[in-house]
Amino acid sequence: MGKMYGYARVSTREQKEDRQLMALMEMQVPRKNIYMDKQSGKDFERPMYKRMMDRLKEDDLLYIKSIDRLGRNYEEILEQWRELTREKKVDIVVLDMPLLDTRRGKDLMGTFLSDIVLQVLSFVAENERSTIRQRQKEGIEAARQKGVRFGRPKKPLPDNFGQIYKLWLSGELSSREAAKRCGMPLSSFYRKGKTEEERAPG
């Protein structure tokens, strides 16, 4: 029996890793052998995962909370699983799915069943993420059609903007002085003025 390791990953810096860490520590994985990455969906460079991979040796045991911690999609999960089990020759236990425990069924039939379960679960995990993304996209589009605005709310124009803008147009005020009196950056003064001109009735 080799050493015990654990791997946790959260997809954004706001997500909490406590649930994954608690599950790994309940399996008595030494805290120093738990590796965790906090990465966004776009950036999948996982420095702690790579560091762990460098340390893993034959007959070591790796615990993960769920199968999707291994990769972003179906192909990547399968690739990592095969590298771990066939090249590194380590055992993997997926805590959320007891069937995915490579310590069981070391014979050909056990390996075959484990591979089938893995492929089904990897596909389901990827499909769930795709469905969630699609629902989010549809929800945002539906909200936009109802007039919901996203992003930071626009600041209202200062009460004196119209008067100051006219003075600037007539040449009585310089650009910098006009923007200063309105309490806004010069670029904003130009942009807001242009917008107001376009809105004005012809």
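Just so you know, all these numbers are worked out from the coordinates, no wet-lab data involved. Since the structure is predicted, the reported quantities are computational estimates derived from the model, not experimental observations. Every residue, glycine among them, receives a Cβ derived from its backbone with ideal geometry; neighbour counts consider all protein chains shown.
Residue-wise HN-Hα couplings along segment 164-174, as the Karplus relation 6.51 cos²θ - 1.76 cosθ + 1.60 with θ = phi - 60° gives them from phi, are 5, 5, 5, 5, 5, 4, 7, x, 6, 10, 6 Hz; Gly and Pro carry x. Sparse packing (at most 10 other Cβ atoms within 10 Å of the Cβ) combined with a DSSP loop state is found for the following GluC sites (Glu not before Pro) in segment 45-88: Glu45, Glu58. For Ile34, the residues whose modelled amide H falls within less than 5 Å of its own, excluding neighbours fewer than 5 places apart on the same chain, are Gly6. The stretch between Val120 and Thr195, if pulled fully straight at 0.36 nm per residue, gains 21.6 nm over its current Cα-Cα span.
Each residue of segment 72-79 was assigned a 3J(HN,Hα) from its phi angle through the Karplus expression (A = 6.51, B = -1.76, C = 1.60, θ = phi - 60°), giving 7, 8, 3, 5, 5, 4, 5, 4 Hz with x at Gly and Pro. Listed cross-link partners Lys166/Lys194; Lys65/Lys89; Lys3/Lys50; Lys3/Lys89; Lys65/Lys137 are compared with a 22 Å cut-off, the Cα-Cα value being larger for Lys65/Lys137. One decimal place: the segment Lys32-Glu138 gains 33.9 nm when fully extended, by the rule 0.36 nm per residue minus the C-alpha distance. Measuring between their Cα centroids, segment 153-172 and segment 79-94 lie 66 Å from each other.
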